[in-house]
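Presented below is the structure to which this report refers.
The values are calculated or read from the model by the stated rules, or taken from the named source; none is laboratory data. What you see is a predicted model; the values in this text were computed from it and never measured. Positions of Cβ are generated from backbone atoms using ideal geometry, with glycine treated the same way; all protein chains shown enter the neighbour counts. Note: areas computed on protein heavy atoms with side chains; ligands, DNA, RNA excluded. Shrake-Rupley method; radii C 1.70, N 1.55, O 1.52, S 1.80 Å.
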Amino acid sequence: MIQRNKEWRNSMRLKLDINNMMEKIIGKNGFTDTELVNMKMQATEAFQFVEDNRGKGMMEWTNLPNNQDAVVKDILSTAKEVRKKFKYFVILGIGGSALGPYALFKALCHLHHNELPASKRKAPKFYVEDNIDPERMNALLDIIEPEKTCFNIITKSGTTSETMAQFLIIYDVLSKLLGDKASENIIATTDSSKGALLKLAQKYQYKTFYIDSGVGGRFSLLSPVGLFPAAVLGLDIKGFLQGAEYLDNTYRKPHLYKNPALLAATLQYMAEKKGKNINVLMPYADGLKYFSDWYAQLWAESLGKNKKLDGSSCSPVGQTPVKALGVTDQHSQVQLYVDGPNDKVITFLTVQDFRSFCLIPRCNLNIAEINFLEGQSLNELIQAEQHATEYALFKVGRQNMTITLPQVNEFTLGELIYFFELQTAYMGALLEIDTYNQPGVEEGKVATFALMGKFGYEDKRHELANIKKDIRYVVE
Ligand code: PA5
């Protein structure tokens, strides 16, 4: 159990360094103090907009850090049973119903969790199936024993084609193997009031966790969507909620320099206005690699819009999120960040104390080119390389900022999740768009229904067939 007295919490506070966004540090490509001060009014309004909407409509995610005592109890006892009974745990879900749980798994479990012998694992083998590539489903069925597997079907809407197609395949497999007992291997996580999965859960009496209707997929990580799988993995789920609550309580202020999420959103907004259309998140920790996937969805789906909040058209907005991993992508993307078009803001995620230490031993090989490495550690090397990349960008005046996590644990991840959710909400308010809809995704969902022959989508099917007829530019 994590020690969480006041002193410990304060020692776990995230730090945001924006020096390399500013002219005084990086030169003419940075923002002047005056430019930032001029944003004060708009930032305060964005803060107030988020405040006024907290807990309402699609902003019920703001309630999650402190309204889940009963559900946390239920999650913990169910997870304990799952750990005892099952050898495998498989999530069927997509988008906001998959990216977050996978990010938490990779961030906090052994990097080779599934390969560890059972005696060294506290939890079942863990898989997140967020695609419908037929090869992938068959590959999964090749390596698990379905009768020893708990399937957590996660879908907020309860009708997403990908997830429900996966569900049907698994339902069939389990029914053939276990008959009426198949229900014991299925746990549903879905909207509390609607959707096909809810109907099925009621009919077949699946254990069900509910997502409040005002919590959208990409803002649902701190709901049972993320908490239940994390609890199955033996993670301290109260830690996530306490970290989120701590961040919220500490920084819920309308002042740029007292509210880092507001400051970061404001800087991204200013950058986007100046043509920085690319938002790179670059963690320097393998465990955080998949956090960038979760973040990319949050940023892209929330902010890529062409309508104002009142429904009127506006010029398309939204930075394209790019995922990069330090140091791996230093040898892949950093050349472009330094010398390519100046259209990016890079946010580094760094870790002060890694959970692991790895010495580079003194082998006394006496090779001049590598002698300097001997006796140091990978911990020092990865930190030095992050500073070096930051420096390379600073030298050419490329804007970047750094978020430092004192450690990677449940509490700091709770802070980070909430930080990015707030940053997105503030950015949406600055852009005056609807952060919580996704009409572009819905269009694709409807077209899939039509193409797959769903009842009621005949007109759309007709429309699609006609477009296809017009296609002339196909090379075979
Ligand atoms: O953020 C969102 O709302 C979406 O990305 C959803 O998470 C995604 O489309 C999956 O939807 P659902 O959870 O309803 O299956």
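Tell me which of these GLY311 doesn't satisfy, since it passes every other one: (1) modelled with pLDDT under 95; (2) open to solvent by 60 Å² or more (accessible area, probe 1.4 Å).
(2)
Looking at (1) within 15 Å of the ligand (Cβ to nearest atom); (2) at pLDDT 95 or above; (3) over 24 Å from the mean Cα position of the chain (by Cα), which is the only condition LYS203 fails?
Going through the list (1) within 15 Å of the ligand (Cβ to nearest atom); (2) at pLDDT 95 or above; (3) over 24 Å from the mean Cα position of the chain (by Cα), LYS203 breaks only (1).
Could you identify the single residue in ASP180, ASP142 that is at pLDDT below 95, in a helix (DSSP H, G or I) and either within 14 Å of the ligand (Cβ to nearest atom) or open to solvent by 70 Å² or more (accessible area, probe 1.4 Å) (or both)?
ASP180
Is at least one residue of segment 153-170 more than 14 Å from the ligand (Cβ to nearest atom), under 23 Å from TYR204 (Cα atoms) and buried (at least 20 other Cβ atoms within 10 Å of the Cβ)?
Scanning segment 153-170, I find at least one residue that is more than 14 Å from the ligand (Cβ to nearest atom), under 23 Å from TYR204 (Cα atoms) and buried (at least 20 other Cβ atoms within 10 Å of the Cβ), so the answer is yes.
Counting only residues that are among the charged types (D, E, K, R) and more than 23 Å from ASP434 (Cα to Cα), which one in segment 206-250 is nearest to the ligand (Cβ to nearest atom)?
Among those residues, the one meeting the criterion is LYS207.
If you check every pair at least six apart or on different chains, which have Cβ atoms under 6 Å apart with a residue in segment 260-288 that is more than 14 Å from ALA425 (Cα to Cα) first and a residue that is open to solvent by less than 20 Å² (accessible area, probe 1.4 Å) and of a type in the set (Gly, Ala, Ser) second?
Close Cβ pairs satisfying both conditions: VAL280/ALA324; LEU281/SER292; MET282/ALA324; MET282/GLY326; TYR284/GLY326; GLY287/ALA107; LEU288/ALA107.
Within segment 87-112, restricting attention to residues that are part of a loop (DSSP other than H, G, I, E, B) and touching a helix residue (DSSP H, G or I) at 6+ places or on another chain (Cβ under 9 Å), which residue is farthest from TYR290 (Cα to Cα)?
Filtering segment 87-112 for residues that are part of a loop (DSSP other than H, G, I, E, B) and touching a helix residue (DSSP H, G or I) at 6+ places or on another chain (Cβ under 9 Å), the one farthest from TYR290 (Cα to Cα) comes out as LYS87.
Taking the condition within 16 Å of the ligand (Cβ to nearest atom), over 25 Å from ASN259 (Cβ atoms) and in contact (Cβ under 8 Å) with a residue 24 or more places away in the chain, does TYR102 pass?
yes
Under 9 Å between Cβ atoms, which residue pairs at least 6 apart in sequence (or on different chains) link something in segment 113-134 that is of a type in the set (Phe, Trp, Tyr) with a partner that is open to solvent by 60 Å² or more (accessible area, probe 1.4 Å)?
Close Cβ pairs satisfying both conditions: PHE126/TYR102; TYR127/ILE143.
Among the candidates ASP310, ASP329, ASP353, which residue alone is outside any helix (DSSP H, G or I), out of contact with any strand residue (DSSP E or B) (no Cβ under 6 Å at 6 or more places or on another chain) and in contact (Cβ under 8 Å) with a residue 40 or more places away in the chain?
Only one candidate qualifies: ASP353.
Could you tell me which residue of segment 424-467 is nearest to the ligand (Cβ to nearest atom), considering only residues that are of a type in the set (Lys, Arg) and farther than 24 Å from PRO321 by Cβ?
Among them, the one singled out is LYS454.
Restricting attention to segment 277-305, report how many residues are within 11 Å of the ligand (Cβ to nearest atom) and in a strand (DSSP E or B).
0
Could you tell me how many of the residues in segment 203-237 are buried (at least 21 other Cβ atoms within 10 Å of the Cβ), out of contact with any strand residue (DSSP E or B) (no Cβ under 6 Å at 6 or more places or on another chain) and farther than 25 Å from ALA296 by Cβ?
Of the residues in segment 203-237, 1 are buried (at least 21 other Cβ atoms within 10 Å of the Cβ), out of contact with any strand residue (DSSP E or B) (no Cβ under 6 Å at 6 or more places or on another chain) and farther than 25 Å from ALA296 by Cβ.
Between a residue in segment 156-177 that is over 18 Å from THR190 (Cβ atoms) and any residue that is more than 8 Å from the ligand (Cβ to nearest atom) and open to solvent by 30 Å² or more (accessible area, probe 1.4 Å), which pairs come within a Cβ distance under 6 Å, given they are 6 or more apart or on different chains?
LEU177/GLU147
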